[in-house]
Amino acid sequence: MNLSPDVLVVGAGPAGSIAALHLARAGVRVRLIDRAAFPRHKLCGDTLNPGCLALLDRLGLGEIIRRGALRTAGMTVTGPAGASVGADYPDGLCGIALTRHDLDLRLLDAAVAAGASFEPSRTVSEAVLTDDGHGVGGVRVTDGRRTEVLPARVVIAADGRASRLASRLGLARLARSPRRWACGAYFEGVAGLTARGEMHIRRDGYVGIAPLAGGIANVCVVRAA
């Protein structure tokens, strides 16, 4: 962009892309950056509930997001000692299962189509304060060996739970406990999958399973550190 943007959005996940989409539709000059190159995979449960879909419908993105996704009817939740509860969404509502690889790219494409500028592989190292020290006037980014300051009138930190911007400014920090680790993988040929997502909760962690289109299952395991 030849002109400094009105708003710089750091992070092109769902929060950042939707913020950029709203602003671009309103005529705001928006620059959206992310440390990754898209499309990219991201550890996630890969499901959207009916409430999420309703929000996307209001943005005019529901049809795009549903394309190629698997319809989900509800959830099955199990617990220790054989406890099990299954329920479908009421009144004909449904969710969908869609990889973050596809979801995030579609949201990003919508933001760019609305007029936002996107720059991948831009890692933010710190916020740049205004001259009076009371505001943020941009960010410092690295791109390989090159360091650059990107100025903006407003900066939105949409860079996730471990936001580097928020932590460097003392606005957020990670809690010391509880500490957990998570891993996930995609599997083929999983027996017993249904139209429901699954959550299997145990005393030392939980396993989430989401059926995806093409006979693939997303399996995520979260355990205490």
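Structure data summary
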read-out	value
Failed criterion for residue 2 (all others in (1) at pLDDT below 95; (2) under 26 Å from residue 211 (Cα atoms); (3) of a type outside the set (Gly, Ala, Ser) hold)	(2)
Matching residues, the stretch 34-53, being open to solvent by less than 10 Å² (accessible area, probe 1.4 Å) and under 14 Å from the mean Cα position of the chain (by Cα)	46
Filtered residues of the stretch 15-33 (kept if open to solvent by 40 Å² or more (accessible area, probe 1.4 Å) and in a helix (DSSP H, G or I))	15, 18, 22, 23, 25
Residues of the stretch 168-195 classified as in a loop (DSSP other than H, G, I, E, B), open to solvent by 80 Å² or more (accessible area, probe 1.4 Å) and closer than 30 Å to residue 126 by Cβ, total	6
Residue in the stretch 81-97 that is closer than 14 Å to residue 33 by Cα and small (Gly, Ala, Ser) present	no
The stretch 1-14: number of residues that are assigned to a loop (DSSP other than H, G, I, E, B) and more than 18 Å from the chain's Cα centre (by Cα)	6
Options 198, 188; residue that is of a type in the set (D, E, K, R), more than 22 Å from residue 89 (Cα to Cα) and at pLDDT 95 or above	188
Flag if residue 137 is over 22 Å from the mean Cα position of the chain (by Cα) and either modelled with pLDDT of 85 or more or closer than 30 Å to residue 212 by Cα (or both)	yes
Filter result (β-branched (Val, Ile, Thr) and either in contact (Cβ under 8 Å) with a residue 24 or more places away in the chain or closer than 16 Å to residue 15 by Cα (or both)) within the stretch 28-50	30, 33, 47
Test: residue in the stretch 70-92 that is open to solvent by 60 Å² or more (accessible area, probe 1.4 Å), among the basic types (Lys, Arg), modelled with pLDDT of 95 or more and assigned to a helix (DSSP H, G or I)	no
Criterion violated by residue 161 - all others in (1) assigned to a loop (DSSP other than H, G, I, E, B); (2) open to solvent by less than 80 Å² (accessible area, probe 1.4 Å) satisfied	(2)
Subset of the stretch 55-69 that is free of Cβ contacts under 8 Å to residues at least 40 places away in the same chain and either under 11 Å from residue 95 (Cβ atoms) or not in a helix (DSSP H, G or I) (or both) - its residue that is least open to solvent (accessible area, probe 1.4 Å)	60
Qualifying residue in the stretch 196-208 (condition: open to solvent by 40 Å² or more (accessible area, probe 1.4 Å), without any contact (Cβ under 8 Å) to a residue 12 or more places away in the chain and more than 16 Å from residue 45 (Cβ to Cβ))	no
The stretch 129-155, residues that are surrounded by fewer than 13 Cβ atoms within 10 Å (Cβ to Cβ), of a type in the set (D, E, K, R) and under 18 Å from residue 117 (Cα atoms)	148
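The values are calculated or read from the model by the stated rules, or taken from the named source; none is laboratory data. Just so we're clear, the structure is a prediction, and the values are computed from it rather than from any experiment. Ideal geometry is used to build each Cβ from the backbone, glycine not excepted, and the neighbour counts take in all protein chains shown. Quick note on the areas: whole protein, heavy atoms, side chains included, nothing else; ligands and nucleic acids left out. Shrake-Rupley method; radii C 1.70, N 1.55, O 1.52, S 1.80 Å.
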